[in-house]
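Written out below as structure tokens is the structure these notes cover.
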Amino acid sequence: MRIPLAAPDICEADIQAVSGVLRTSRLSLGPKLEEFERAMAQYAGAAHAVAVNAGTSGLHLCLRGLGIGAGDEVIVPSFAFIAAANAIRYEKGIPVFVDVEPETLNLDPRRIEAAITARTRGILVVHTFGCPAELSEILEIARRRGLFVIEDACEAIGAEYDGRKVGPLGDAGVFAFYPNKQITTGEGGMLVTQDPEIAALARKLRNQGRSDTEDGYSHTELGYNYRLSEMHCALGVEQLKRIESILERREAIARAYEERLGGLGNLKLPGLRVPRRRISWFVYVVRLGAEYGRFQRDWIAKEMEARGIGCGKYFAPIHLQPVYRSASCAKAGLAVTEWNAERTLALPFFNRIQEEQIEEVCETLKELMRRAAGVRAE
Ligand SMILES: Cc1ncc(COP(=O)(O)O)c(C=O)c1O
């Protein structure tokens with residue numbers, strides 16, 4: 001794509017840090033892992049941070065840490081990246097899909113209580129597109145009903161709710177570092193928690209359930225290889241040093257989009273300011289108005305791509321995915337999810353995007369929206 005949807009921001013210091021590791025003999029489970037974990041814990045305000053090879057692995061370890069088992073229900077949005085619900089199913093838990101609220105597309109706290117049953121164990125809240133969900137209400141419901149809260153903060157590193165960074169505000173949370181994320185390690189994730197037992201179990205499980213003892217090691221749990229290499233961690237340490245300037249740059253890009261697209265009656269923009277939150281801009285997702293449907297949205301996306309402009313259709317609802325059709329899961333009235341999922345369009349969004357590129361994206365979108373109004377499915 002001439003103007004890609006996303007792009008990593010790799011600088012010379014990142015390259016030096018990774019090649020520095022390659023000149024040592026310690027490529028895994030070494031000092032960079034410890035440094036990355038320490039820096040992340042401090043940044044996120046967590047007592048513990050456990051690096052893993054992907055955000056999905058981190059979510060899986062949260063669910064293991066909280067003891068989710070067969071038939072346990074976990075409330076989760078369907079308007080989310082599929083990993084959130086998959087992690088529940090890895091442990092034979094049952095995802096219970098609850099609708100999102102129309103403004104931020106995050107789990108709607110007003111709909112949570114009706115979905116709680118005797119089998120509900122917890123809430124997996126996703127801070128979608130980097131905007132924190134309504135945490136005070138969700139944490140209050142969880143406390144009152146004796147449920148755990150896992151924060152899927154994979155898209156929201158650095159985002160804040162009431163002045164506190166999201167991630168470790170519930171029982172455990174996870175950040176992710178795929179190359180389209182605010183900071184990247186190529187692949188990678190970080191579990192954060194205030195709970196020493198969850199952290200200790202996650203450390204063990206990421207390394208084949210191994211406990212080091214005086215006479216060798218003993219595998220006390222059915223674990224996994226979810227380790228993150230020293231090269232990944234070295235990149236993470238460097239990227240994290242720049243996070244504040246990255247978040248500021250991304251907010252400036254969101255503002256630039258708003259200046260050019262604001263005021264169009266048939267286009268809903270993501271709110272630049274949402275009460276009680278600091279948004280960590282992960283993507284810039286606009287929503288087409290009611291006069292457009294899935295057919296027109298898909299036509300616009302295809303035309304944009306034909307002109308070299310990347311765009312995304314986040315998210316296809318999880319409950320409509322083929323792999324979920326016959327799965328054991330429950331859902332309650334997902335009208336907001338389904339309506340919005342047909343009208344979202346993610347626009348190119350990366351640190352080094354240029355002013356002229358933003359201008360081109362916006363002008364192309366406006367032109368295609370005018371033309372799409374007359375495009376109909378056969
Ligand atoms: C909301 C959300 N959850 C989970 C994940 C999974 O992270 P990973 O791709 O690192 O496994 C992602 C990442 O892309 C995500 O956006």
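Annotations
- Only residues that are assigned to a loop (DSSP other than H, G, I, E, B) and of a type in the set (Ser, Thr, Tyr) were counted across segment 99-157, and they come to 2.
- Pick from segment 152-168, criterion touching a Gly at 6+ places or on another chain (Cβ under 8 Å) and not small (Gly, Ala, Ser), ranking: farthest from the ligand (Cβ to nearest atom): ARG164
- The residue pairs whose first member lies in segment 277-303 and is at negative phi, whose second member is among the acidic types (Asp, Glu) and within 16 Å of the ligand (Cβ to nearest atom), and whose beta carbons are closer than 6 Å, counting only pairs six or more residues apart or on different chains, are PHE282/GLU155.
- Where VAL76 falls short, out of the listed (1) within 22 Å of PRO270 (Cα to Cα); (2) outside any strand (DSSP E or B): (2)
- Meets criteria (open to solvent by less than 10 Å² (accessible area, probe 1.4 Å), outside any loop (DSSP other than H, G, I, E, B) and more than 26 Å from LEU235 (Cβ to Cβ)) for VAL174: no
- A single member of VAL100, VAL149, VAL126, VAL96 is over 25 Å from ILE198 (Cα atoms), open to solvent by less than 20 Å² (accessible area, probe 1.4 Å) and modelled with pLDDT of 95 or more, and it is VAL100.
- Extreme residue, farthest from the ligand (Cβ to nearest atom), among residues of segment 81-108 that are aliphatic (A, V, I, L, M), under 20 Å from SER136 (Cα atoms) and touching a residue at least 40 places away in the same chain (Cβ under 8 Å): VAL98
- Pairs, first touching a residue at least 60 places away in the same chain (Cβ under 8 Å) and under 14 Å from GLU238 (Cβ atoms) in segment 17-39, second assigned to a helix (DSSP H, G or I) and among the β-branched types (Val, Ile, Thr), C-beta under 8 Å, six or more apart: ALA17/VAL237; LYS32/VAL21; LYS32/VAL237; GLU35/VAL237; PHE36/VAL237; ALA39/VAL237
- When GLY167 is tested against (1) open to solvent by 10 Å² or more (accessible area, probe 1.4 Å); (2) in contact with a strand residue (DSSP E or B) (Cβ under 9 Å, 6 or more places away or on another chain); (3) within 30 Å of CYS311 (Cα to Cα), exactly one condition is not met: (1).
The values are calculated or read from the model by the stated rules, or taken from the named source; none is laboratory data. Because the structure is a prediction, the values reported are computed rather than measured. Cβ sites come from the backbone with ideal geometry, for glycine too, and all protein chains shown count toward neighbours. Calculation scope for accessible area: heavy atoms of the full protein, side chains included, ligands and nucleic acids excluded. Shrake-Rupley method; radii C 1.70, N 1.55, O 1.52, S 1.80 Å.
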